1. Within 10 Å of each candidate Cβ there may be at most 16 other Cβ atoms; applying that plus a DSSP loop requirement, which trypsin sites (Lys or Arg not before Pro) in the range 60-139 survive?
2. Give me the number: length gained by fully extending Arg230 to Tyr189, i.e. 0.36 nm times residue separation minus the C-alpha to C-alpha distance, one decimal in nm.
3. Assuming a ≥ b ≥ c are the square roots of the Cα gyration tensor eigenvalues, decide whether the range 22-304 counts as rounded (a/c under 1.5), prolate (otherwise, with a/b larger than b/c) or oblate.
4. For labels at Asp118 and Lys132 in the simple 7 Å Cα→Cβ model, what's the distance in nm?
5. If neighbour count is taken as other Cβ atoms inside 10 Å, put Glu220, Glu93, Glu144, Glu262 in order from fewest to most.
6. Give me P(r) over the range 51-171, computed from all C-alpha to C-alpha distances, binned every 5 Å, as integer percentages.
7. For the range 157-259, which trypsin sites (Lys or Arg not before Pro) are in a loop by DSSP, counting at most 11 other Cβ atoms within 10 Å?
8. Using a ≥ b ≥ c from the Cα gyration tensor of the range 143-185 (square roots of the eigenvalues), is it rounded, prolate or oblate, where a/c under 1.5 gives rounded and otherwise the larger of a/b and b/c decides, a/b for prolate?
Amino acid sequence: MSNVEPIMERKVRTPKPDWLRVKAPTSPTYNYTRRLMRDLNLNTVCEEAACPNIGECWSQKHATMMILGDICTRACAFCNVRTGSPSAVDPAEPANVGEAVKHLGLRHVVITSVDRDDLADGGAGHWVEVIKAIRSATPDTTIEVLTPDFRKKLGCVDLVAASNPDVYNHNLETVPRLYRKIRPSARYYTSLRLLERVKEIDHSVFTKSGIMLGLGEEKEEVLQVMDDLRAANVDFITIGQYLQPTLRHASVERFVPPAEFEEFGRIARVKGFLMVSSSPLTRSSYHADSDFERLREVRSSKSIKKSKK
């Protein structure tokens, strides 16, 4: 019998290619943004999800605030946000979010949240209060919401959509075949129906969704997701590279080259999306302010052309 113990296979992460390397944050404005979030007891998806763009965004005072706590009731295989039993909802959070938006001088703000399946309304009522607080603190700021799916909680999407956000974002994240592995507590068609429902409530609201590449999807599957989103009248698509947060999360199957992102971007524009952001570093809220301005310009241009016919 051999005395040699078997060598355990270690799970390692594939090194990032050069096009995904970013500089470490160092600017005074970055530190100001970070301190403001701490002072107002606010969480950000920039930190919780380990976003690679945090240095650039925070140096421009662009922070994506994450409401309803920092603990999610779900355990998606791609997400770095902690999973467990959340604490009580902070009643001061809406006012603090409004105060942060005012201090940062944001023309456009993106708000997201953890999933709160423990709450009867999934946190929808809190979402409404946050939108109201921002409108009160900075009436000229445009608001983009990035909500969970509110699965099995009827009327919650309607409640948030009726609060008149300027952009309603909900990410599909990946192709339907990979949902069981990557997003086990969600359902692809539930998410599609949410986006479709927003337009039924208020057709003037821009809708937006995003997917990650590098999880093992096929090109044809990505194109089908685009078609599904267009069938749901979604205006804006974001396509970015999945990055593995820790060794416990789903592995990166492939680092997709920038040229492939450019190709998907061209295809998405041909399919009729009003706005497309497709690059390795694209994230839901990355350059969201400038993208929103261009989105409005594109819609306005199309409306003028229709009126002349």
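Laboratory data are not the source of any read-out in this text; all were calculated from the coordinates shown. Keep in mind that what you see is a predicted model, and the values were worked out from it rather than measured. Here the Cβ is made from the backbone with ideal geometry for all residues, glycine too, and neighbour counts use every protein chain on show.
1. Answer by residue number: Lys61, Arg107.
2. Full extension of this stretch gives 13.4 nm more.
3. Rounded is the answer for the range 22-304, as its axis ratio a/c remains below 1.5.
4. 2.4 nm
5. Fewest to most other Cβ atoms nearby, the residues stand as Glu220, Glu262, Glu93, Glu144.
6. Calculated P(r), rounded to whole percents: 2, 11, 21, 24, 21, 14, 6, 1.
7. Taking the range 157-259 and a limit of 11 other Cβ atoms within 10 Å, the loop trypsin sites (Lys or Arg not before Pro) found are Arg248.
8. In terms of gyration-tensor shape, oblate.
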